[in-house]
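Values in this text are rule-based calculations from the coordinates and carry no lab data. Owing to the predicted nature of the structure, the values given are computational and were not obtained by experimental measurement. Here Cβ is always computed from backbone atoms with ideal geometry, including for glycine, and neighbour counts include all displayed protein chains.
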Amino acid sequence: MPSFMLILKKTWEQNLHWSLRAMIKITLIEDDKTLNKLIKRSLDSYYNITGFYDFTTAFNYIKSSHTDIIISDIKLPDGNGIDLLKRVKTFKSEIYFILITGFGTVEEAVNCIKAGADDYILKPVDPELLKAKIDLIEENIRLKLFAREKYDFSFVYESAKMTEVVNLALKVAEADSNVLITGETGTGKEVLSKFIHFNSKRKNNPFLQVNCPNLQENLFESEIFGYKKGAFTGANADKKGLAKLADKGTLLLDEIGEMPSGFQAKLLRFLEEKQFIPVGASGYETSDVRIITATNKNLEEMVKKGEFRSDLYYRLNIITIEIPPLRERKEDIIPLTYFFMEKFKHLNKKIKDINQQAKDILLKYNFPGNIRELSNIIERAMILETTYEITPSSISLCSSGLTDNDIELDKVIKHHILNILDKTEGDKTKAAKLLKIDRSTLYRKLKEYGIN
């Protein structure tokens, strides 16, 4: 059965971002020894780089060794960089190429790109610009690795409502239409969008996301569409936007209701034409990217109030998937609880179960923070619990999530205290210890619940 919560292998993801540079191997072919040493010196502290002065030696090395990026001068003593590129691509098509050229003409640049180069740089080589170009390639490598990594999609559910959601998501994944995912905070909108991506034909290409509330209004255009060198202060090199980086993949615009009105028209144009203009550019660029949007707001009401463009709303709202809150699918609470216990078992390896009293408390709770809140509750319980199972004493709930039927909840707590007293044969000192409260608190609870 497909499942609902996503374990993203966070350790892997975080470590990858920082350790990838040490993993990336660069092969440099430059016959000018001074320039060769300059490039090596400028990159050596960031990447694993090996330098050569001629075509033949470098080609033999590339055939027998792993390399991710090749930086080659076009003119070499015993060949040229374009021939090297063509030959290498016949058996290692995934390698990235940056060609060094001494001719700063448009024709030369076009020839480099036509030959299959990912980028080029002019002499005299600016080490900072070269590093910026490699950084872009590094990001592409990271995104591809991220897309290929086998996520443990754990859609844990038993409810009929979530069965409908998952079945619809699987159908939507097969199409290529825009998708709008709605639901309260913490219901799993981001997770569902990734589920759609990794079950689609785009699964081997990047999945990227923008959290709209976290992005300043004046940065939307440059972040999503990119910018050209010199477009504004600090733009020292071209930068691809997320729309371009996610080419052939999926871009999630999270909390789309927070997108500033000034950018909504530009996003609409991009959705209609698949074209955009980077900040500071004079011409259009294209990107074949699938757009998924998510929101916890009522966009239809926002349209009526003039707070969201109606034409953009209808363009985004081709297919809508609504994720129900956890309180409306109580059948999923206990399966999800066990899922999170497994996820956080490294925090407390002796815990094997959750007792019935603790389950009853969770089932009577409203979960205003939905699945995210349940995850936090179980993580905290795994840290605080001192017995072999999760008990009510280690469960901390937000008062806003308590149901109106608090009397029944009190009965559950009272029953738990009685159960502990029974285990300790009435020894209140031992009972307080098991409950992880002091004796005075226990006596107060006994009085509160009328236990003699």
Ordering 207-213, 344-350 by per-residue average of other C-beta atoms within 10 angstrom, highest first, gives 207-213, 344-350
Compare the peptides 65-75, 322-332 by average per-residue count of other Cβ atoms within 10 angstrom and give them in order, highest first. 65-75, 322-332
Normalised by the residues of the chain, what does the relative contact order come to in percent, with Cα pairs under 8 Å and at least six apart? 13 percent
If packing is taken as the average count of other Cβ atoms within 10 Å, what order do 336-343, 351-358 fall into, highest mean first? 336-343, 351-358
Estimated [θ] at 222 nm from DSSP helical runs (n ≥ 4, -39500 (n - 2.57)) normalised by residues in the chain, nearest 500: -13500 deg cm²/dmol
As a test, work out the antiparallel percent of DSSP beta bridges whose residues both lie in the chain, rounded to the nearest 5. 20 percent
